[in-house]
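The values are calculated or read from the model by the stated rules, or taken from the named source; none is laboratory data. Only a predicted model underlies this, so the values are computations on that prediction, with no experimental measurement involved. Note: ideal-geometry Cβ built from the backbone for every residue, glycine included; neighbour counts use all protein chains shown. What goes into the accessible areas is simple: the full protein's heavy atoms, side chains included, and nothing from ligands, DNA or RNA. Shrake-Rupley method; radii C 1.70, N 1.55, O 1.52, S 1.80 Å.
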Amino acid sequence: YLIDQIKLPSGFTLRGLDDSTVFKKQHWTTTKLTSTTQDGLRMSMLIDANYDKTQSDTTWGLQDFTLKEFVLDGNAVHQILYDISDLGEETNNAAVGFPNSHFVKIKDMKIRNSSGPAIFAEGSLNFSMTGTSVVDGMETERYGTPCILMSDSENTTVSTCFFRNYPGALDFTTGKVFAMTGSVIRNCGAGIQIYG
């Protein structure tokens, strides 16, 4: 399926048929280029249906949601990379944009070819990721874009996952209660950032 952006409701599961279900970013998508409400997640393929950057973050945030068993392909070589230095928002290029989410699970997914962070879920609570492969992010040394951006989160668990080929690390800084087991990180910046 070629997609631009899917807005997801809370209390829902989006499930595929493993490698038989592929969501691929539409070529050269620019529909959210000037959107004020989408600022911060303009290029994200999956976002909260209530996300609105012009409103307080207490009014939005995905809750009780599960992603499982499909491939999410960011089609990075056929996308516009929003200039991080001008916008100050590297998250605009994230494949999955779930900031301020509560009780979200990502299970048995394959996320590949993202032009920014694979997952942006800053400020999340009770977020878990299991059996997921995150590979081949943006191919540039100009930006140190993290593989995962989940700073300021609480109760985060990552188990039996595989991360490879991103210019930046997995960023879990200034979070509370973080557990990672049985996972592999290869060629992702400095590896894991968990200080603070």
Return the single residue from Ile106, Ile80, Ile148 with maximal mean-square fluctuation; model: Gaussian network over the chain, springs between Cα atoms under 10 Å. Ile80
Note down the magnitude of the dipole of the range 45-158 about its Cα centre, charges +1 on Lys and Arg C-beta and -1 on Asp and Glu C-beta and zero elsewhere, to the nearest 20 debye. 380 debye
For the range 1-69, which chymotrypsin sites (Phe, Trp or Tyr not before Pro) are both in a DSSP coil and crowded by at most 13 other Cβ atoms within 10 Å? Tyr1, Trp28
Regarding the range 91-196, what is the average projected area of its C-alpha convex hull, in nm²? 5.5 nm²
Note down the magnitude of the dipole of the chain about its Cα centre, charges +1 on Lys and Arg C-beta and -1 on Asp and Glu C-beta and zero elsewhere, to the nearest 20 debye. 420 debye
Consider just the alpha-carbon atoms of the range 21-82 and return their Rg together with their Dmax, both in angstrom. 13.2, 35
If you keep only loop residues by DSSP, which trypsin sites (Lys or Arg not before Pro) in the range 118-196 have at most 15 other Cβ atoms within 10 Å of their Cβ? Arg142
Modelling each spin label as a point 7 Å along the Cα-to-Cβ direction, I'd like the Thr58/Thr181 distance in nm, to one decimal. 3.7 nm
Restrict the search to the range 98-196; then list the chymotrypsin sites (Phe, Trp or Tyr not before Pro) that DSSP places in a loop and that have at most 14 other Cβ atoms within 10 Å of their Cβ. Tyr195
Here are labelled values, (1) 39, 38, 36; (2) 47, 40, 32; (3) 91, 22, 21, and one is the computed Cα extents along the principal axes in Å for what I pasted. Which one? (1)
Give the accessible surface of the chain per residue, rounded to a whole number of Å², with probe radius 1.4 Å and ligands, DNA and RNA excluded. 46 Å²
